[in-house]
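Where a number appears in this text, it was derived from the coordinates with a stated rule and is not lab data. Everything numeric in this text was worked out from a predicted model, so none of it was measured. Every residue, glycine among them, receives a Cβ derived from its backbone with ideal geometry; neighbour counts consider all protein chains shown.
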């Protein structure tokens, strides 16, 4: 029994010593990791403290480019991050002045190779950085990254391609997302808008292409972007799309025409007030208000009886947006209609706009 107790005590002691040893090892590793992080943080702070003023001095024309490049070569990775941070702070008209500094960084091949990394975070970093290294090699790599298995990487690659400014990348970018079921197409609209007005001819070509060449999703991206640009050349093709079989095309065409504000669109848009889809009717009623179409007041009054609450609300808001003629109609309807839904909606909009001088005496 004593021998057994001795063996158990010895075993417990050995286990305790092993645990203590492992604790010491873990403590050493943890300390080393923290020390390395703190050291790297100090290095970055020192690098930025020296090089950020140099870059700003270069932008002011006071420091030669070669001097800045030589200083940044001490830490190319942090130099890239510093230039990216400065780029984001500059107005768009000044950002291109950093391109020579980005191009001088010696690690473009490393970033291109990183697009094949098994780690998503590394591929995302590379896709973002290549947007600042605007040359044929980076563009080709980013076009290939549009096929990445992770959507976030593909979005990042698409935005970096837009930063290159070559509108020939618009079509392959949109086509790369065409068959993906979970795409956030509004993000692609934002990416197309990053190209600026030079994208307009490409978008017009997409919208005027033969039926079936592009998916409805791609067509909607072109429509939304052209509406945001308020491009007058898009009016006629947009009007033609108002009778498209796909409801989202009709909806976005009406939205875009309202944004553009061309009076020739008033009557065609007003015809959508009887569309079978409530969301299309709603967008058409909103567009009438944006188009300041006093001639369509009867259409707005009729829409106050629409089965959809959203359509009725948009009709009352559009009446208000027409100024005095529309406000008078709100007053008339609110005080004399037998339709409680129309009455209540007029009351709501009148209250939202603080029109306290309008009487509220429904029959």
(request) Would you mind computing, in nm to one decimal, how far apart the modelled labels at residue 355 and residue 208 are, each placed 7 Å from Cα along Cα→Cβ? (result) 4.1 nm
(message) For the chain, take the longest principal axis of its alpha carbons; what is the angle in degrees between that and the long axis of helix 247-260, to the nearest 10 within 0 to 90?
(response) 80 degrees
(message) If you split all Cα-Cα distances of segment 153-298 into 5 Å bins from zero, what percentages do you get per bin, shortest first?
(response) 2, 11, 21, 21, 19, 13, 8, 4, 1, 0
(request) Note down the relative contact order for the chain as a percent, whole number, built from C-alpha pairs under 8 angstrom at least six residues apart. (result) 6 percent
(request) Please find the FRET efficiency linking residue 279 to residue 120, where r is the Cβ-Cβ separation and R0 is fixed at 45 Å, and quote it to the nearest 0.05. (result) 0.80
(message) Between segment 86-137 and segment 272-302, what is the separation of their alpha carbon centroids in Å?
(response) 47 Å
(message) Would you report the distance distribution of C-alpha pairs in segment 41-113 as whole percents per 10 angstrom bin, up to the bin with the largest distance?
(response) 19, 56, 24, 1
(request) With r as the distance between the Cβ atoms of residue 175 and residue 33 and R0 = 56 Å, compute the FRET efficiency 1/(1 + (r/R0)^6) and round to 0.05. (result) 0.80
(request) Run the quick spin-label model on residue 294 and residue 135: label points 7 Å from Cα toward the beta carbon, then report their separation in nm to one decimal. (result) 6.2 nm
(message) How long are the semi-axes of the equivalent ellipsoid of segment 109-227, defined as square roots of 5 times the Cα gyration tensor eigenvalues? Whole Å, largest first.
(response) 25, 15, 11
(request) Evaluate Rg over Rh across segment 41-180, taking Cα atoms for both radii and Kirkwood's formula for Rh. (result) 1.00
(request) Provide 72, 56 in ascending order of the number of other Cβ atoms located within 10 Å of each residue's Cβ, fewest first. (result) 56, 72
(request) Report the semi-axes of the equivalent ellipsoid for the chain in whole Å, largest first, where each axis is √(5λ) for an eigenvalue λ of the Cα gyration tensor. (result) 57, 32, 23
